[in-house]
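Written below as structure tokens is the structure these notes are about.
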Amino acid sequence: MQHILACIDASAYANSVCDLAAWASRRLQLPVELLHVVQRRDAVAARHDLSGAIGLGVKTNLMEELVQLEESDAKLQVERGRVLLAAAKQRLQEGGVDQVRSLHRHGGIVETILEREADARVVVIGKRGAGHEFASDHIGSKIERVVRASDRPILIASRAVSEPGAIVFAFDASKSANRALERLVNSPLFTGLPVHIVMADSENAVHRQALDDAAGQLRDSHEVRTTLRQGKPETVIADIVDQTPGAMLMMGAYGHSPLRTLIVGSTTTAMIRTVHVPVLLVR
């Protein structure tokens, strides 16, 4: 059965993930699957074990201590995850979601999300994880990997969210942007929300026609505004987002290969990093 996949951890973004998942659940009339993943850790590496340079007996004792610590840590992580999932489930139910399923898994975060997304309509994930939640100039290390590998829309939660009241749609006429446009036209997730389509490019007939064509597909069901402005996409789009109360940014994701991104950067990553509103990415 289709559902909303909400991925939470112990960061401050967990509440935002739950609130956005509840919003999506109400609009799409779908249940929510809550996922919390505990990554496996190497206790020896965590303790920076240098016992190979000392006596065998000491090394044996240290290894026994590390095994005990790993067992204790595993039990702590299980209990912590149980408490986290229970609190998240309660928040979702208070947000109007009747059907919530909780999953606690051990393993790789990205691999587990990709495994569980098979029946997901949308995946909701926090902008940063527990280890980097206060690193304001960065995004979580797992987000790009998830987005590049996933074939589902990814809704990235900012630290504080309110129910989306408008869509700022970053459009560049690329394949991923046109797929995002198709979802915007057809999905009940966006029903009744005003849409501001933004193209950061030079003013010419080709760009104006592409923008007008996109707007034409939405005008039957949405109040639509358009902006065509030359400048860096991350600057032009961010300005419109800042001027739009209750905005959620929607855009196609990662139009270039990972290698090209390393060389020239990525508008997708820049937008996730700089805006302080939810971002919905469509591959």
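Annotations for the structure displayed:
- Among the residues making up the range 183-204, those that are within 25 Å of S25 (Cβ to Cβ), open to solvent by 80 Å² or more (accessible area, probe 1.4 Å) and over 21 Å from the mean Cα position of the chain (by Cα) are N186, T191.
A quick yes/no check of all residues on (1) touching a residue at least 24 places away in the same chain (Cβ under 8 Å); (2) among the aromatic types (F, W, Y); (3) under 22 Å from R273 (Cα atoms); (4) out of contact with any helix residue (DSSP H, G or I) (no Cβ under 7 Å at 6 or more places or on another chain):
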| site | (1), (2), (3), (4) |
| --- | --- |
| D151 | yes, no, yes, yes |
| I167 | yes, no, yes, no |
| L181 | yes, no, no, no |
| L184 | yes, no, no, no |
| P194 | yes, no, no, yes |
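- Inspection of the range 242-253 identifies no residue that is surrounded by 20 or more Cβ atoms within 10 Å (Cβ to Cβ) and either acidic (D, E) or part of a helix (DSSP H, G or I) (or both).
- Residue count for the range 80-116 satisfying the condition of being under 17 Å from A10 (Cβ atoms), in contact (Cβ under 8 Å) with a residue 60 or more places away in the chain and open to solvent by 90 Å² or more (accessible area, probe 1.4 Å): 1.
- Residues in the range 205-229 that are of a type in the set (S, T, N, Q), open to solvent by 80 Å² or more (accessible area, probe 1.4 Å) and more than 17 Å from G252 (Cβ to Cβ): Q209 alone.
- Considering residues of the range 205-235 that are within 22 Å of the chain's Cα centre (by Cα) and not charged (D, E, K, R) only, the residue nearest to A173 (Cα to Cα): P233
- Any hit, the range 173-182, residues being assigned to a helix (DSSP H, G or I), open to solvent by 60 Å² or more (accessible area, probe 1.4 Å) and closer than 30 Å to G95 by Cβ: yes
- Residue list for the range 85-124, restricted to those being more than 16 Å from the chain's Cα centre (by Cα) and basic (K, R): K89, R91, R101, R105
- Flag if L69 is outside any loop (DSSP other than H, G, I, E, B), of a type outside the set (D, E, K, R) and at pLDDT 85 or above: no
- Count of the range 1-53 residues which are aliphatic (A, V, I, L, M), under 30 Å from E65 (Cα atoms), open to solvent by less than 40 Å² (accessible area, probe 1.4 Å) and modelled with pLDDT of 75 or more: 2
- Scanning the range 153-172 for residues that are open to solvent by 60 Å² or more (accessible area, probe 1.4 Å) and closer than 28 Å to S11 by Cα gives R159, A160, S162, E163.
- Only one of the numbered conditions (1) modelled with pLDDT under 95; (2) closer than 20 Å to S11 by Cβ; (3) not small (G, A, S) is not met by V124, and that is (1).
The values are calculated or read from the model by the stated rules, or taken from the named source; none is laboratory data. For clarity, every value in this text was computed on a predicted model and none was experimentally measured. We place every Cβ from the backbone using ideal geometry, glycine too, and count neighbours over all the protein chains shown. Side chains are part of the model used for accessible areas, which takes the heavy atoms of the whole protein and leaves out ligands, DNA and RNA. Shrake-Rupley method; radii C 1.70, N 1.55, O 1.52, S 1.80 Å.
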